[in-house]
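The values are calculated or read from the model by the stated rules, or taken from the named source; none is laboratory data. If you're wondering where the values come from, they're calculated on a predicted model, not measured in any experiment. For neighbour counting, all protein chains shown are included, and Cβ atoms are generated from backbone atoms with ideal geometry for every residue, glycine included. The area values use the complete protein model at the heavy-atom level, side chains included, leaving out ligands, DNA and RNA. Shrake-Rupley method; radii C 1.70, N 1.55, O 1.52, S 1.80 Å.
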Amino acid sequence: MSEKSEKHDERLSVLKTYKLFVGGTFPRSESGRVYEVTDSQDRWLANAPLASRKDARDAVVAARKAFGGWSGATAYNRGQILYRIAEMLEGRRDQFGHEVARAEGLSRTKATAAVEAAIDRWVWYAGWTDKIAQVAGGGNPVAGPFFNVSSPEPTGVVAVLAPQESSFLGLVSVIAPVIATGNTAVVVASETSPLPALSLGEVLATSDLPGGVVNVLSGRTAEIAAPLAAHQDVNAIDLTGAGEALAKELEIAAADNLKRVLRPQPVDWAADPGTGRLLAFLETKTVWHPMGV
């Protein structure tokens, strides 16, 4: 064997260190904790950050700070940025196909199909950013000399519990509609399969998305979700990734400041998403204006 071959054989792999995605940066958990992530065969894949309550509160602060600029951006600009995310993912299909295959125990073909569907979903929601106002708003007929117009506005900071079983397509399907309509998000990744979500943070960081619009946490869903549901500066919560008992607890906590709540329900993530999730976290503002004489 040549000296060159021996050196190649002795090379050590560079293992990836996964981190949280908060405020456009990649911190470790403030607690310093990690937990083991394994594949469907119980083989070790990586150590993921085990986010704490403090990490959840930091993510809410980042999301609130980003809300003004993101909600104030034009719908056209938001659409461009969502499309840019799709472009970035298109160039990293192989990486995400590999991660999804390992995370969900899928064949490479099925994992690639899931990744491609997720990319298409970003494009789908990118196209809706400047059209949802026509669906959710418009002029209202009134008996009087007034113009009466209703228009949709984002709810604010939305906590999103990503689905446990669909680590990437389901993840994108719950994040994209939240930010397409001008909200900012604190996302709790799948507890058992968080790696595709953490890698998505790397794409978001380089896709023109302002820091803090999407924040990704990994760890124990119940531990992270509890402070988010009770947080007074979180305006809405998507309970998709919560089990029945946890969802009930979180819904009770969310009632304290009248959060909007999207309850968990069976979803075929590969099906046409429709407009339901776009409309879930929108408020309606109605303006009356006298017509004049």
Filtering segment 44-74 for residues that are of a type in the set (Asp, Glu) and farther than 16 Å from Phe21 by Cβ leaves a count of 0
_Going residue by residue through segment 89-102, is there one that turns out to be surrounded by 16 or more Cβ atoms within 10 Å (Cβ to Cβ), within 16 Å of Leu200 (Cα to Cα) and in contact with a strand residue (DSSP E or B) (Cβ under 8 Å, 6 or more places away or on another chain)?_
yes
Selection over segment 34-63 where residues are of a type outside the set (Ser, Thr, Tyr), touching a residue at least 60 places away in the same chain (Cβ under 8 Å) and farther than 22 Å from Val158 by Cα yields a count of 6
Within segment 232-250, restricting to residues that are touching a Lys or Arg at 6+ places or on another chain (Cβ under 7 Å) and not in a strand (DSSP E or B), the one that is nearest to Leu282 (Cα to Cα) is Asn235
Here the residues within segment 108-131 that are open to solvent by 60 Å² or more (accessible area, probe 1.4 Å) and of a type outside the set (Val, Ile, Thr) are Arg108, Lys110, Glu116, Asp120, Trp124, Asp130, Lys131
- prompt: Does Ala103 satisfy the condition of being at pLDDT below 95 and more than 15 Å from the chain's Cα centre (by Cα)?
  reply: yes
Exercise. In segment 196-207, is there at least one residue being at pLDDT below 95 and open to solvent by less than 30 Å² (accessible area, probe 1.4 Å)?
Worked result: yes
Residue pairs within 8 Å by beta carbon, gap of at least six or interchain, first lying in segment 228-246 and farther than 16 Å from Gln164 by Cβ and at pLDDT 95 or above, second of a type in the set (Ser, Thr, Tyr) and open to solvent by 10 Å² or more (accessible area, probe 1.4 Å), listed first then second, are Asn235/Thr155; Ala236/Thr155
